[in-house]
Amino acid sequence: MQPTLAVIDIDILSGQDELAREGLLENLGRFKDSYITPLWVNWLRERADLRVVCLVNDLARLDDFLVDAIRTVPGVRGTAAQLVFNGMVRSDPLMDVSFFNSAWDQRAAATVLVKTQPGQDREVYRALIELPHHQQVAVVWVVKLFHSPEADLQVLLLGERTAALTGYAMSWVRTVPGVMDTQLSSVLDWRILGRTEDFIALAQRFPEPPATPKRAKP
């Protein structure tokens, strides 16, 4: 089975944010196993909760990772994992992420959860991966979550300013025909855990599809 991308959101008890963050980073720093590769940890702006993004090589071992590395951390109230089996990851902006070595990198980022109209799923996905180039915003990935009750697609955006990401989601993502609703979460901070070769493996696992040929003008 090909590797799976896992996005794990961690709900933290109020007042135990620093305890949970340091405990999680300690556990992940000690974690050495080929079945899961932690790529990064995010601090989420709106709730001070955490998000761990991993490349999973053995899905049957994911429960052990959740229990042993995450749910044992003091201050963790609960976890929710979204699994990605298909989608598109762009290598250039992803490599920008891999070089975020500073704990307080100035780049802004946001994830956009997208609910699509059933029956228009392929059209919406294709439209999102073909969104036009923007000078201040890069689309890192568009991945499929059709098995999730919360969303059908997830878009990861990277840019210079949070306002640019919000405007991009409003102007481009929410106006795609077939998009019923979106939910944007801002990323406050990053801690990169993966190696450069791990990010390359992620981009190779979820490659960009060939561009749709444009019709010649009559």
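Every number here is computed from the coordinates shown, using simple stated rules; none is lab data. Given the structure is predicted, the values throughout are model-derived calculations rather than measurements. Virtual Cβ from ideal backbone geometry, glycine too; neighbours counted across all protein chains shown.
Note on the range 79-218: dipole from Cβ charges, positive end direction compared against 206, 82, 124; the farthest Cα belongs to 124.
Only counting other Cβ atoms within 10 Å, I'd like 99, 31 sorted with the fewest neighbours first.
Details: 99 11, 31 16.
Going from sparsest to densest Cβ surroundings: 99, 31.
The angle between the Cα long axis of helix 17-30 and the longest principal axis of the Cα atoms of the chain comes to about 90 degrees, rounded to the nearest 10. Spin-label model, residue 25/residue 64: points 7 Å from Cα along the beta carbon direction are separated by 2.7 nm.
Given a Förster radius of 22 Å and the C-beta distance between residue 1 and residue 197 as r, what FRET efficiency does 1/(1 + (r/R0)^6) yield to the nearest 0.05? Show your work: numbers first, answer last.
Details: r = 20 Å, r/R0 = 0.92.
So the FRET efficiency works out to roughly 0.60.
Using just its DSSP H runs of length 4 or more, each adding -39500 (n - 2.57), the chain gives a mean residue ellipticity at 222 nm of -6500 deg cm²/dmol after division by all residues.
Here's the picture: charge each Lys and Arg Cβ at +1 and each Asp and Glu Cβ at -1 in the chain, and of 169, 62, 52 the one pushed furthest to the positive end of that dipole is 169.
Of the residues 20, 1, 43, the one whose Cα sits farthest toward the positive end of the charge dipole of the range 1-49, with +1 on the Cβ of Lys and Arg and -1 on the Cβ of Asp and Glu, is 1.
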